[in-house]
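Q: I am attaching a structure below and will ask some questions about it afterwards.
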Amino acid sequence: METMAQKALLSVTDLKKYFPVRRGLFQRVTHRVRAVDGVDFKIAQGQTLGLVGESGCGKSTVARLILKLLPPDGGRIEFRGRDISRFTERQMKPLRKEIQIVFQDPFGSLNPRMSVGQSIGEGLRRLGLKSRNAQRQELRKLLEMVGISPDSAERYPHEFSGGQRQRIGIARALSVNPSLIVCDEPVSALDVSIQAQIINLLKDLQDQLGVSYLFISHDLNVVGYLCQMVSVMYRGRIMEHATVAEIFEDPRHPYTLSLLDAIPDPGRRTGRRFSSPREVPAKDAAAGGCPYVGRCPEEEPECGQPDTPLVRVSDTHYVRCRRAHRG
């Protein structure tokens, strides 16, 4: 699946992660939950891809697989053209500077026993800055870049607000000069007014530094403002992948329509009222079939059949739906 004509910085192909479910006295594996089931996407340098979907759809698992915090069960993860899917921790160590993460909980992601300067300083030392003077100068630069006073370097995380702590988390991620930052719902724990400030900060930093983002969220409004491309995920699979404009102006998958219809801003509406989906089915869909089966208001008998591929609607628009060609 191509997202842009530019060469991909990160390319994910048929990525899979299954978690065993054990039951009984002997804890035998009864079945496996397909948390990530054949995910494909690409991110170009300086681009932001939004990975959007409701809680439990597998978004954060994708992030952990890309960061090699979990081993994949199948597929390829290519970074700068190198397949890192089976890299050991020793092989990944040099790439940790290239791929960073900003967590959802800004307080939990910072060591309460370390000052702000110490937390960010760890990254600066890994970058190779051994001189204390050079570290102090770079620390001041990073704090100013994210809107924190350099005089706050000796303070501790509990002395900052939630928005300020998230700015510090962003500064820590930037301290090793990464090419890609995985943003795992970085604004969902913040007040709405603070969310806007953090999103604008991320956008400004991208314009300034050319960094790429994988932005994970359940909020299409936020994704629509920050991202160029969007992948809509449901129960481990990509349901729709397109540019932001195509997602908002010409959504094709029933699940995407239901997400758009939930946005309170009337200016974002598609003009196509969509009935509320049914209860989430207890079990996964048949392998290869549409995972939205059992919940889709437009479901047809053939939807439960295996081999439901991503249908190419345009050069940048793909939909996993048998009805996609009907518009």
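Q: Exactly one condition in (1) in a loop (DSSP other than H, G, I, E, B); (2) without any contact (Cβ under 8 Å) to a residue 60 or more places away in the chain; (3) polar (S, T, N, Q) is false for residue 30; which is it?
A: Checking residue 30 against (1) in a loop (DSSP other than H, G, I, E, B); (2) without any contact (Cβ under 8 Å) to a residue 60 or more places away in the chain; (3) polar (S, T, N, Q), the one that fails is (1).
Q: Quick one: in the stretch 210-255, which of the residues that are in a strand (DSSP E or B) and among the polar types (S, T, N, Q) is farthest from residue 60 (Cα to Cα)?
A: 243
Q: Same structure, new question: Any residue that is in a strand (DSSP E or B) and either under 18 Å from residue 179 (Cα atoms) or out of contact with any Ser or Thr (no Cβ under 8 Å at 6 or more places or on another chain) (or both) - is there at least one of those in the stretch 19-27?
A: Within the stretch 19-27, one or more residues are in a strand (DSSP E or B) and either under 18 Å from residue 179 (Cα atoms) or out of contact with any Ser or Thr (no Cβ under 8 Å at 6 or more places or on another chain) (or both).
Q: How many residues are assigned to a helix (DSSP H, G or I) and surrounded by 16 or more Cβ atoms within 10 Å (Cβ to Cβ) if we restrict to the stretch 141-150?
A: 3
Q: Do you know which residues across the stretch 36-59 are closer than 22 Å to residue 260 by Cβ and among the small types (Gly, Ala, Ser)?
A: 50, 53, 55, 56, 58
Q: Separate question: Is the stretch 93-106 home to any residue that is more than 22 Å from residue 166 (Cα to Cα), part of a helix (DSSP H, G or I) and modelled with pLDDT of 95 or more?
A: So far as the stretch 93-106 goes, no, none of its residues is more than 22 Å from residue 166 (Cα to Cα), part of a helix (DSSP H, G or I) and modelled with pLDDT of 95 or more.
Q: Name, by its number, the condition in (1) surrounded by fewer than 20 Cβ atoms within 10 Å (Cβ to Cβ); (2) aliphatic (A, V, I, L, M); (3) over 30 Å from residue 14 (Cβ atoms); (4) in contact (Cβ under 8 Å) with a residue 60 or more places away in the chain that does not hold for residue 134.
A: (4)
Q: Follow-up question, since we're still on this one. Please find, within the stretch 5-20, the residue that is farthest from residue 312 (Cα to Cα) out of those that are free of Cβ contacts under 8 Å to residues at least 24 places away in the same chain and surrounded by fewer than 12 Cβ atoms within 10 Å (Cβ to Cβ).
A: 20
Q: Can you tell which of 171, 153 is outside the structural domain of residue 227 (by TED's automatic domain parsing), of a type in the set (A, V, I, L, M) and either more than 30 Å from residue 12 (Cβ to Cβ) or not in a helix (DSSP H, G or I) (or both)?
A: 153
Q: OK, next. So which residues in the stretch 216-260 are at pLDDT 90 or above, of a type in the set (Asp, Glu) and in contact with a strand residue (DSSP E or B) (Cβ under 9 Å, 6 or more places away or on another chain)?
A: Hits for the stretch 216-260 are 240, 246, 250.
Q: Out of all the residues in the stretch 63-114, which are touching a helix residue (DSSP H, G or I) at 6+ places or on another chain (Cβ under 7 Å) and farther than 20 Å from residue 216 by Cβ?
A: 97, 111, 112
Q: Those residues that are assigned to a helix (DSSP H, G or I) and either under 18 Å from residue 66 (Cβ atoms) or touching a helix residue (DSSP H, G or I) at 6+ places or on another chain (Cβ under 6 Å) (or both), I need them from the stretch 175-196; list them, please.
A: The one that is assigned to a helix (DSSP H, G or I) and either under 18 Å from residue 66 (Cβ atoms) or touching a helix residue (DSSP H, G or I) at 6+ places or on another chain (Cβ under 6 Å) (or both): 194.
Q: Across the stretch 178-212, what is the total count of residues that are at positive phi and out of contact with any Gly (no Cβ under 9 Å at 6 or more places or on another chain)?
A: Selection size over the stretch 178-212: 1.
Q: What number of residues within the stretch 156-173 are out of contact with any Leu (no Cβ under 8 Å at 6 or more places or on another chain) and farther than 20 Å from residue 125 by Cβ?
A: 5
Conditions tested, residue by residue: (1) loosely packed, with under 12 Cβ neighbours inside 10 Å; (2) outside the structural domain of residue 309 (by TED's automatic domain parsing); (3) modelled with pLDDT under 95.
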| position | (1), (2), (3) |
| --- | --- |
| 3 | no, yes, yes |
| 23 | yes, no, yes |
| 29 | yes, no, yes |
| 32 | no, no, yes |
| 37 | no, no, yes |
| 56 | no, no, yes |
| 81 | yes, no, yes |
| 87 | no, no, yes |
| 91 | no, no, yes |
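The values are calculated or read from the model by the stated rules, or taken from the named source; none is laboratory data. Everything quoted here is computed from the prediction, not taken from an experiment. Backbone-built Cβ (ideal geometry, glycine too); neighbour counts: all protein chains shown.
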